[in-house]
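Written below as structure tokens is the structure these notes are about.
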Amino acid sequence: MDSTRPRVSFVIPARNEELLIASTIFAIAQSVVPCSVSSEVIVVNDGSIDETAGIARDCGARVIDVQLHNIAAVRNAGAEVASGEILIFVDADTLMNSECLQGILEAVENGAVAGGSAVEFDQRTSRLQRMMAKSFLFIWQRVFGYACGCCLFARSDVFAEIGGFDPSYLASEERPFSRSMKKKGSFVLTRQPVLTSSRKFRLYSSWHLTKVLFRSLFLGKYRDREELGVFYDAPRESET
């Protein structure tokens, strides 16, 4: 353990993620060892009705139980109890790795106040779906310079200065987060990717996802929770 490296708090918002949460926590545990960093894992259990909370505790995570149903507020709840100098927000269907973590640590040690990582998907998708994903990621990250929600990081002191994520955004909360953090200092999108689930491509039609991605990129806040099934209470895949 390198005592000179800042302590990292991993914050995982989770709702009904019993099939994936153990893998997410295990991937974090594996990633921190070669990086020689002190860390904690905080799972913010947002009203799950499955075994998410119990599995997370069994895996060694600290579990915070909330009933918020607002992704920005859920992430903020985890940040409020975190002890780390660096906050890394990882979705429950996203796998951290040591290369990505090392890239984040180096970015902060070189002066970054916040940022995100590159993104890869875990399973094969169709050619159309790959084109959709690559186009969205290029515009979101490389054109607009926003971090992706599946993996964001911030210095905890600067995160507190901006007041955390804006809960008035029911989705795409990483957009105002990115803008606010850029005003505070260096904002870095690392080239080392996390691996995230492609399940939305399997659970929703390409047309539906196209509408969601377009709205996220070019339109304003979501004001109707009924539009947000893809982000909230989306169906979960079974083990079979």
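If I filter the range 152-170 for residues that are at pLDDT 70 or above, out of contact with any strand residue (DSSP E or B) (no Cβ under 9 Å at 6 or more places or on another chain) and basic (Lys, Arg), do I get at least one hit?
No - not one qualifying residue is present in the range 152-170.
When Cys151 is evaluated against the numbered criteria (1) closer than 13 Å to Ala112 by Cβ; (2) open to solvent by less than 60 Å² (accessible area, probe 1.4 Å), which criterion, by number, is the only one it fails?
So the condition that Cys151 fails would be (1).
Could you check how many residues of the range 1-26 are open to solvent by 20 Å² or more (accessible area, probe 1.4 Å), part of a helix (DSSP H, G or I) and in contact with a helix residue (DSSP H, G or I) (Cβ under 6 Å, 6 or more places away or on another chain)?
1
Looking at the range 116-123, is at least one residue open to solvent by 20 Å² or more (accessible area, probe 1.4 Å) and either closer than 17 Å to Glu173 by Cβ or among the aromatic types (Phe, Trp, Tyr) (or both)?
yes
Give the number of residues within the range 27-54 that are assigned to a loop (DSSP other than H, G, I, E, B), open to solvent by 30 Å² or more (accessible area, probe 1.4 Å) and within 19 Å of Glu85 (Cβ to Cβ).
Adding up the residues that qualify gives 2.
Output the number of the condition that Ile104 fails; it satisfies all remaining conditions of (1) modelled with pLDDT of 95 or more; (2) open to solvent by 10 Å² or more (accessible area, probe 1.4 Å); (3) not hydroxyl-bearing (Ser, Thr, Tyr).
(2)
Give me the pairs: first residue in the range 14-31 and more than 17 Å from Ala53 (Cβ to Cβ), second residue in a helix (DSSP H, G or I) and open to solvent by 10 Å² or more (accessible area, probe 1.4 Å), beta-carbon distance under 6 Å, and six or more apart or on different chains, which are they?
From residues that are more than 17 Å from Ala53 (Cβ to Cβ), the pairs are Ser31/Ser98.
Within the range 161-182, how many residues turn out to be within 16 Å of Val108 (Cα to Cα) and open to solvent by 60 Å² or more (accessible area, probe 1.4 Å)?
Filtering the range 161-182 down to residues within 16 Å of Val108 (Cα to Cα) leaves 178, 181-182.
From what's left, open to solvent by 60 Å² or more (accessible area, probe 1.4 Å): 182.
Summing the residues that are within 16 Å of Val108 (Cα to Cα) and open to solvent by 60 Å² or more (accessible area, probe 1.4 Å) in the range 161-182 gives 1.
On the basis of being surrounded by fewer than 22 Cβ atoms within 10 Å (Cβ to Cβ), among the hydroxyl-bearing types (Ser, Thr, Tyr) and either farther than 25 Å from Ser197 by Cβ or without any contact (Cβ under 8 Å) to a residue 24 or more places away in the chain (or both), does Ser98 make the cut?
When the stated conditions are applied, Ser98 does not pass them.
The values are calculated or read from the model by the stated rules, or taken from the named source; none is laboratory data. Here the structure is a predicted model, which means the values were calculated and not measured. Here Cβ is always computed from backbone atoms with ideal geometry, including for glycine, and neighbour counts include all displayed protein chains. Only protein heavy atoms, including side chains, enter the accessible area calculation; ligands, DNA and RNA are left aside. Shrake-Rupley method; radii C 1.70, N 1.55, O 1.52, S 1.80 Å.
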